[in-house]
Amino acid sequence: MSNDKFVIGGHEFDSRFILGSGKYSLSLIEAAVKYAGAQIITLAVRRANTKEKENILDYIPEGITLLPNTSGARNAEEAVRIARLARELGCGDFVKIEIMRDSKYLLPDNQQTVKATEILANEGFVVMPYMYPDLNTARDLVSAGAAAVMPLASPIGSNRGLATKDFIRILIDEIDLPIIVDAGIGAPSQACEAMEMGAAAIMANTALATAGNLPLMAGAFRKAIEAGREGYLSGLGRVLTRGAEASDPLTGFLRD
Amino acid sequence: MDNSFFVDSGALSPEALERKHRLETDPSSRISHLEYLPGMEIIQSDTCKNVMNHVGSYDYSSFTAKDVLRALEKDVCTVEDFKALLSPAAEPFIEKMAQRAREETSRHFGNSVYIFTPLYIANYCENYCVYCGFNCYNNIRRMKLSYEQIENEMKVISSSGMEEILILTGESRGKSGVEYIGEACKLARKYFRLVGLEIYPVNTDEYEYLHKCGADYVTVFQETYDVDKYETLHLYGHKRVWPYRFDSQERALMGGMRGVGFSALLGLSDFRKDALATGLHVYYLQRKYPHAEMSLSCPRLRPIINNDKITPLDVHEKQLCQILCAYRIFLPFAGITVSSRESARFRNGIVKIAATKVSAGVSTGIGDHESKYTGKKCSGTEGDEQFEINDSRSLNEMYGDIAAGGLQPVLNDYLYV
């Protein structure tokens, strides 16, 4: 399995678990990264925009790739400004675009996301847009220069799992970019299921933050994601939808 | 009218006293509380009608334990469920409500608790609101900070580590004009990441100006949504105009502010109806402005200088907790601020259930942060306080207490874009 790399924007990773850093205490980040085996961690640029006391950047272990997100942006223009600030803060070239025009459900604005993706991809960012799983938007994101597509599984923070499963499957089938399932994955089993479907990676935050034991849950997710990946790579066995397979073929009567 | 609010100062001239008494006793001496004054912008909005239709017909005694339990079992809390949760029938289920509220808080905010501090830059006021320490007939030391003094106060607060500031004034356009407040915002942007305002209501273009100066959040307390009661408490000044105040948050959003805060001052009128109105005010504006960030406060009446008889009446801690849980369950996405009006014990408990923001290092006086933060002797010219605070913890103490409670103190989670 060691040659099964997760490649994004020309960068190679062994781990397919992208870890969120919000919603739990900074002091737990190190343990979360360790148990999750994560190599990429997201952080809200607005959280990093702080003075000396408790800067989240100080808590992220060495060698971890930062994936700054544009949370707080309400349109493409604001997302672009936040992404540029992330670069200035030394967060690298990766950026996860989050544009929410809705403070209640925090659903992404697909149209504005395509717009911001185009601008930032042209500026050399490795753009990973968070989106509502819609095939047309995903195609537009590919054209706009996205490095991956990050459809939501269910409303952010809900831990409700793969509510949009059928639509994510369409993206996996049709889009030639890594599909990273983001938002709503609440349990290791759900992460495993998404990986078996062929998702390239899983992003989770609330599932860990609200778990009884965060490092233990981080480890459980790691194993589930690995299991799901191996299941996908090995080619899942067929599922019989009804009855058993007839031992005598129906077409046995045919003669040459 | 309950006259425990009325206090006569010996410093008032006989003419002023006579005017005051007339306002207190003769309703015909007061201006209409429903008619806009010249210069007040009127916007087209059905929010008020939507909110007040519910409040008018709200009979909280009609709700039963069954209604409350049904509300708690649902995934999405409807307006009718919210009404049940605010009713007396919900009081025996306070622990169940708290459990549900905690789930919602954790889902939306994780374990983050935001910390901010208020900075009063002036306490002049042109209104006679009978319960408020700043009211124009109350004999207190008045003060308006100069820009230099504002900057000095900001430096002192900023050096404590604080990153979010809420700028407040008394409600005097004459003494603390919009431009004065705008300059204070520009200074604040130098020292703080996030600047909020709690000032007298202004027009959309003025909110737009203040936003450009660096402010991004506007809080306006409606005090009470009981229009008739409001009339008997706000006897004089522009604050008397209830509907102009009601539309403040909407004008602020139209002016480009990122977020708005709402509140009733619990204890002034029927607190269940006021809590319903506050929640619905947020609910309807959120539907109209889905991008906006919404927050709620839940202040209770506190004693003021020259009147220690002012109390929150029937809103005890249990009722306050019930209201906060109901807010959280109905409006899971809204920030909830609990101010230093409440005790440290209550605040330590409620941040684990529903509140997401607390103040620390608080002074409600004018120009006294340096003496309070550093122990430097007062100059004797400081302005008096708006109300007596209950929780005087410093930023460091608050920070430590939040972390010790297993939560995450956050000083900034915001960018001005």
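Every read-out reported here was derived from the displayed coordinates using simple, explicitly stated rules and does not represent laboratory data. Everything numeric here is computed off the predicted structure, so don't read it as measured data. Every residue, glycine as well, gets a Cβ built from its backbone with ideal geometry; the counts of neighbours run over all protein chains shown.
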Revision key, fill the gap. By the C-alpha gyration tensor axes a ≥ b ≥ c (rounded if a/c is under 1.5, else prolate when a/b exceeds b/c, else oblate), the shape of chain B is rounded
Practice item. Provide the net charge surrounding B:GLU73, with neighbours chosen by a C-beta distance below 12 Å and charges set as Lys +1, Arg +1, Asp -1, Glu -1. Key: +2
Check your understanding: How about the stretch B:1-81: which trypsin sites (Lys or Arg not before Pro) there are in a DSSP loop, with at most 15 other Cβ atoms within 10 Å of their Cβ?
Key -> B:LYS74
Check your understanding: Between A:LEU89 and A:ASN122, what FRET efficiency follows from the Cβ-Cβ distance if R0 is 25 Å, with the result rounded to 0.05?
Key -> 0.75
Check your understanding: Taking springs between alpha-carbon atoms closer than 10 angstrom, which of B:GLY380, B:GLY56, B:GLY267 fluctuates most in the Gaussian network model of chain B?
Key -> B:GLY380
Check your understanding: What helices does chain B hold that run 15 Å or longer along their axis, going by alpha-carbon atoms, with a Kyte-Doolittle average of 0.5 or more, using DSSP H for the helix calls?
Key -> none
Point to revise | Neighbour net charge for A:MET195 - beta-carbon separation under 10 angstrom, K R +1, D E -1 | key: -2
Review point. Going down the table (B:LYS83/B:LYS318; B:LYS96/B:LYS318; A:LYS23/B:LYS318), which pairs top 19 Å between alpha carbons?
Key: A:LYS23/B:LYS318
Point to revise | Highest to lowest packing among B:257-264, B:204-211, scored as the average C-beta count within 10 Å | key: B:257-264, B:204-211
Point to revise | Calculated [θ] (222 nm, deg cm²/dmol) that DSSP helices of n ≥ 4 give over the protein assembly as shown, each run adding -39,500 (n - 2.57) | key: -11500 deg cm²/dmol
Practice item. Return the average number of partner chain Cβ atoms within 10 angstrom of each residue Cβ along peptide A:19-26. Key: 4
Revision key, fill the gap. Under the 7 Å Cα-to-Cβ spin-label approximation, A:HIS11 and B:THR25 lie apart by a distance in nanometres of 7.7 nm
Point to revise | Prolate/oblate/rounded call for the stretch B:89-152, Cα gyration tensor, a/c under 1.5 rounded | key: oblate
Review point. Taking only C-alpha pairs under 8 Å that are 6+ residues apart, what is the relative contact order of chain B in percent?
Key: 23 percent
Review point. Which angle from 0 to 90°, rounded to the nearest 10, does the C-alpha axis of helix A:110-122 make with the longest principal axis of chain A?
Key: 70 degrees
Practice item. Add +1 for every Lys or Arg and -1 for every Asp or Glu among the other residues with Cβ under 12 Å from the Cβ of A:ILE172, and state the total. Key: -3
**Study point:** B:ALA404 versus B:SER159: modelled label distance in nm, points set 7 Å from Cα along the beta carbon direction
**Key:** 2.7 nm
Exercise for review: Within 10 Å of each Cβ in peptide A:98-104, how many partner chain Cβ atoms are there on average? Round it to a whole number, please.
Suggested key: 5
Exercise for review: Would you list, by chain and number, the aspartates and glutamates whose Cα falls below 15 Å from the Cα of A:LYS5, excluding same-chain residues fewer than 8 positions away?
Suggested key: A:ASP14, A:GLU226, A:GLU230
Point to revise | FRET efficiency, B:LYS288 to B:ARG70 (Cβ-Cβ, R0 30 Å, nearest 0.05) | key: 0.60
Check your understanding: Does the stretch A:130-255 come out rounded, prolate or oblate by the C-alpha gyration tensor, with a ≥ b ≥ c the root eigenvalues, rounded set by a/c under 1.5 and, if not, prolate when a/b is larger than b/c and oblate if not?
Key -> oblate
